[in-house]
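The block underneath contains the structure these notes are about, expressed in structure tokens.
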Amino acid sequence: MLGALAGDTIGSVLEFTQNADPAFPLFTERSCPTDDGILTGAIAQALLDGQRDFRPYLLEAIRRTEHSTAPMPPCWGSGFYAWATAGGTYDKDSYGNGAAMRVSPVAWVAQSEVEVLELAALTAQPSHCHPEGIKGAQCTALSIWVARQTRDPAAVRAAAMRFYPELPTWDFVQKNHRFNETCQGCVPDCVTLATECETYEETIRAACSIRGDADTLAAIAGAIAHGLYGVPDDIRRETIARTEPHYPWLAQTLSDFEARYGA
């Protein structure tokens, strides 16, 4: 959970900037969690509660942020927001990158590869049930799970290539990535970033400097990098400091999740 939340918080101020400079300040006064981190927290809370029906937790996340005082209130995807405000009573056929950015907690809870894939599909089903949405969630979750088990970037790439057989190179991503909000346009690139960088911070700086959907790229790549390299203590502290004043329940979910799952 922390890897996604920290990446989202760092990328929050860069989402629509087309930033190409990796030497940006990691945190600013306006840095705070966006919808990516908030929905990651919703998935984590459902798992803490022993639930596998994630729909009410996703919908509750919208309600809890209606009167946000954060410097950058959540910018919900238009399709997701329309689905949620209509009651979320049907399964939405979306392949947006939201399926991948919120899935990371399952990789810390699941006890087997089979369970990782089952849980990942369940997190996506309510609002991202398109095959590419399910695929993006499963690839991200399995990549994190393998990262945790092996600490081996090559093993993570091998797992991801079960879903996306032709992963791009870092050079290709750096030269060609443009703003994209789909799973298929983000997840393969995020796997490359996490596995070709050598630290969590390097991964986040890369994700936020390829002119793309910075906070979501950083949430996905950061979640994988968390499994590979861990999250530095100073980044953890700064993330919590920018979460707690605006979303105390999200900070509490993080604390509870770390305490139970060592994440």
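The values are calculated or read from the model by the stated rules, or taken from the named source; none is laboratory data. Owing to the predicted nature of the structure, the values given are computational and were not obtained by experimental measurement. Ideal geometry is used to build each Cβ from the backbone, glycine not excepted, and the neighbour counts take in all protein chains shown.
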**Message:** Among the residues of region 65-77, what is the count of those that are out of contact with any His (no Cβ under 9 Å at 6 or more places or on another chain) and more than 14 Å from residue 36 (Cα to Cα)?
**Reply:** 2
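Quick check on region 53-75. Is at least one of its residues among the basic types (Lys, Arg) and surrounded by 14 or more Cβ atoms within 10 Å (Cβ to Cβ)?
Step one: list which residues in region 53-75 are among the basic types (Lys, Arg), which gives 55, 63-64.
So of that shortlist, the ones also surrounded by 14 or more Cβ atoms within 10 Å (Cβ to Cβ) come out as 55, 64.
Among the residues of region 53-75, at least one is among the basic types (Lys, Arg) and surrounded by 14 or more Cβ atoms within 10 Å (Cβ to Cβ), which makes the answer yes.
Could you please give the count of residues in region 1-44 that are of a type in the set (D, E, K, R) and over 16 Å from residue 246 (Cβ atoms)?
Of all residues in region 1-44, those of a type in the set (D, E, K, R) come to 8, 15, 21, 29-30, 35-36.
Then keep just the ones that are over 16 Å from residue 246 (Cβ atoms); that gives 15, 21.
Number of matching residues: 2.
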**Message:** Give me the helices (runs of 4 or more DSSP H) completely within region 168-259, filtered to those with at least 3 residues that are modelled with pLDDT of 95 or more and buried (at least 17 other Cβ atoms within 10 Å of the Cβ), ordered by residue number.
**Reply:** 183-196, 200-207, 214-229, 233-243
**Item:** Residue count, region 62-93 (criterion: in contact (Cβ under 8 Å) with a residue 24 or more places away in the chain, out of contact with any strand residue (DSSP E or B) (no Cβ under 9 Å at 6 or more places or on another chain) and within 27 Å of residue 188 (Cβ to Cβ))
**Value:** 7
**Prompt:** Within region 9-52, which residues are touching a helix residue (DSSP H, G or I) at 6+ places or on another chain (Cβ under 7 Å), among the aliphatic types (A, V, I, L, M) and within 15 Å of residue 213 (Cα to Cα)?
**Reply:** 10, 14
**Criterion: of a type outside the set (D, E, K, R) and under 26 Å from residue 242 (Cβ atoms) - qualifying residue of 47, 122, 117** = 47
**Request:** Find all pairs meeting these conditions: Cβ atoms under 9 angstrom apart; at least six residues apart or on different chains; first residue within region 1-22 and within 19 Å of residue 175 (Cβ to Cβ) and free of Cβ contacts under 8 Å to residues at least 24 places away in the same chain; second residue surrounded by 22 or more Cβ atoms within 10 Å (Cβ to Cβ) and among the basic types (Lys, Arg).
**Result:** none
